[in-house]
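Let me begin by presenting the structure, written as structure tokens, before commenting on it.
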Amino acid sequence: MAAHNDIVLFHYQFSPYGKRITWYLTLRGIEYAQCLQPIYLPREDINGLGVKYRRIPIMSIGRDVYCDTRLILRKLEEKFPNGALGASQPDQKAIEKLLESWTIDGGIFMRAAQTIPPDMPLMKDPKFTKDREDYMGRSWSQESVRDMLPEGLTHIRDGFEFLENGLLADGREWILNTAKPSLADIEAIWPFHWVLQLKSIPPTLVSREKYPKVYAWIDRFDKAIKTAERSMPKPTTLKGADAVSYVAQAEFSEPEGEVDSNDPLGLKKGQDVESWPVDSGFKHHDRGRLVSLTAKEVVLAAQSKIGGKEIRIHHPRWNFRTRAVSGEGAKL
Ligand SMILES: N[C@@H](CCC(=O)N[C@@H](CS)C(=O)NCC(=O)O)C(=O)O
């Protein structure tokens with residue numbers, strides 16, 4: 001059983017964040033294996049890896065596990081530089097980064113999630129809504145969901161407006177006026193693509209007639225993905241136990257790295273630390289020995305459940321908190 005390029009992506013099909021990575025891999029023609037996950041916790045395979053981070057997707061390359069799509073995309077760009085999708089001009093890089101920030105931190109994804117139709121069967125499944133309360137820290141009761149819908153719709157319409165009359169206004173095919181979709185297109189498109197699939201927005205607010213350029217861009221993007229899909233093999237799908245033992249037996253895919261002694265956190269290599277996201281999924285903390293700390297990422301060594309093999313968990317620094325674990329109960 002092989003994972004091409006040593007990559008295993010843990011995700012589920014309904015995940016718009018997951019799409020950021022599957023689209024990227026597809027557009028690049030980078031072959032990979034996937035391990036499909038349930039839509040809510042528990043996720044036994046991820047537990048088996050020794051990873052407490054709860055969000056989807058995560059991606060392993062060898063025995064290194066990367067959390068958060070921003071870090072995953074950066075690693076893929078670095079590991080496969082030939083034909084990278086990211087901009088090279090500083091001003092274009094800045095637009096790409098601002099789009100990432102707009103969709104992830106600027107609230108577009110959160111507003112898109114508020115447009116999930118309250119009548120969808122999943123929204124009536126208490127296991128799902130309770131799980132999402134743990135993930136987002138807000139109520140997902142039918143009442144709150146209905147209350148938030150109008151606000152979600154208003155914000156998403158604003159996003160369509162911004163794209164139609166801003167970045168796509170001059171009739172360009174792709175956000176950075178490239179010949180093919182680039183990383184900037186992925187950074188911008190994913191929540192809008194998702195809401196159109198959810199079919200949650202009334203046509204009186206958002207329609208092909210009102211936002212023809214955005215719709216045409218999304219159609220073009222889908223076509224580019226379909227074409228790319230046809231020119232590469234489908235990802236290998238690994239069963240959970242196989243994926244976990246594959247990762248636990250693999251080699252590390254990158255050198256250990258150093259702890260920056262000038263880092264404001266003042267942590268030391270080898271110290272026991274915990275690290276977790278502060279924007280969502282914040283109750284789930286990874287713990288381990290500090291392996292590396294740079295401006296861009298923190299790496300912890302934690303034990304998988306396969307023969308106690310050590311894996312390295314990578315978190316980005318942005319919107320993550322890392323601190324020393326000390327005192328009673330600190331033993332890992
Ligand atoms: N900033 C994270 C956010 C990831 C995220 O929130 N993913 C959603 C899925 S689309 C999630 O984990 N939802 C809760 C869950 O599936 O457990 C990233 O870029 O990867």
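The values are calculated or read from the model by the stated rules, or taken from the named source; none is laboratory data. Owing to the predicted nature of the structure, the values given are computational and were not obtained by experimental measurement. With ideal geometry, Cβ positions are generated from the backbone for all residues, glycine too; neighbour counts draw on all protein chains shown. The accessibility values were calculated without ligands, DNA or RNA, using every heavy atom of the protein model including side chains. Shrake-Rupley method; radii C 1.70, N 1.55, O 1.52, S 1.80 Å.
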query: Which residues, counting only those in the stretch 190-213, are out of contact with any helix residue (DSSP H, G or I) (no Cβ under 9 Å at 6 or more places or on another chain) and under 18 Å from Trp174 (Cβ atoms)?
result: none
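For the stretch 26-44: of the residues being part of a loop (DSSP other than H, G, I, E, B) and within 16 Å of the ligand (Cβ to nearest atom), which is farthest from the chain's Cα centre (by Cα)?
Pro42
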- request: Kindly indicate whether Ser144 is away from the ligand (no atom under 16 Å from the Cβ), outside any helix (DSSP H, G or I) and among the hydroxyl-bearing types (Ser, Thr, Tyr).
  value: no
task: Return yes when Gly152 is open to solvent by less than 10 Å² (accessible area, probe 1.4 Å), within 16 Å of the ligand (Cβ to nearest atom) and over 19 Å from Ile56 (Cα atoms) and no when it is not.
output: yes
task: Out of the residues in the stretch 1-14 that are without any contact (Cβ under 8 Å) to a residue 60 or more places away in the chain and crowded, with 19+ Cβ neighbours inside 10 Å, state the one that is nearest to the ligand (Cβ to nearest atom).
output: His11
- prompt: Can we say His285 is touching a residue at least 12 places away in the same chain (Cβ under 8 Å), in contact with a Cys (Cβ under 7 Å, 6 or more places away or on another chain) and closer than 30 Å to Arg138 by Cα?
  reply: no
- request: Could you tell me which of the residues Glu44, Glu31, Glu100 is farther than 29 Å from Asp134 by Cβ, acidic (Asp, Glu) and modelled with pLDDT of 95 or more?
  value: Glu31
- request: Please work out if Gly257 is more than 16 Å from the ligand (Cβ to nearest atom), exposed (fewer than 15 other Cβ atoms within 10 Å of the Cβ), at positive phi and not in a strand (DSSP E or B).
  value: no
- line: Within the stretch 292-313, residues out of contact with any helix residue (DSSP H, G or I) (no Cβ under 7 Å at 6 or more places or on another chain) and basic (Lys, Arg) come out as Lys296, Arg312
- request: Among what's in the stretch 199-220 and is outside any loop (DSSP other than H, G, I, E, B) and β-branched (Val, Ile, Thr), pick the residue that is surrounded by the fewest Cβ atoms within 10 Å (Cβ to Cβ).
  value: Ile218
- prompt: Does the stretch 53-64 hold any residues that are out of contact with any Pro (no Cβ under 8 Å at 6 or more places or on another chain) and either more than 13 Å from the ligand (Cβ to nearest atom) or open to solvent by 10 Å² or more (accessible area, probe 1.4 Å) (or both), and which are they?
  reply: Arg54, Ile56, Ser60, Ile61, Gly62, Arg63, Asp64
field: Selection count where residues are open to solvent by 60 Å² or more (accessible area, probe 1.4 Å) and not aliphatic (A, V, I, L, M), scope the stretch 295-309
entry: 5
message: Quick check on the stretch 45-52. Is at least one of its residues of a type in the set (Lys, Arg), within 13 Å of the ligand (Cβ to nearest atom), more than 30 Å from Asn177 (Cβ to Cβ) and touching a residue at least 40 places away in the same chain (Cβ under 8 Å)?
response: yes
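Matching residues to (1) on the phi < 0 side of the Ramachandran plot; (2) more than 15 Å from the chain's Cα centre (by Cα):
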| position | (1), (2) |
| --- | --- |
| Ala3 | yes, yes |
| Arg20 | yes, no |
| Tyr24 | yes, no |
| Gly50 | no, yes |
| Ile58 | yes, no |
| Lys75 | yes, no |
| Glu78 | yes, yes |
| Asn82 | yes, yes |
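Test of understanding: among Ile56, Ile61, Ile95, Ile72, which residue is assigned to a helix (DSSP H, G or I) and either closer than 19 Å to Glu297 by Cα or free of Cβ contacts under 8 Å to residues at least 60 places away in the same chain (or both)?
Only one candidate passes the filter, namely Ile72.
A quick yes/no check of all residues on (1) more than 23 Å from the chain's Cα centre (by Cα); (2) within 16 Å of the ligand (Cβ to nearest atom); (3) over 24 Å from Arg70 (Cα atoms):
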| position | (1), (2), (3) |
| --- | --- |
| Val247 | no, no, no |
| Lys269 | yes, no, yes |
| Asp272 | yes, no, yes |
| Val278 | no, yes, no |
| Ser292 | no, no, no |
| Val298 | no, yes, no |
| Ile313 | no, yes, no |
- prompt: So which residues in the stretch 98-134 are more than 24 Å from Leu71 (Cα to Cα) and either surrounded by 19 or more Cβ atoms within 10 Å (Cβ to Cβ) or among the β-branched types (Val, Ile, Thr) (or both)?
  reply: Gln114, Thr115, Ile116, Thr129
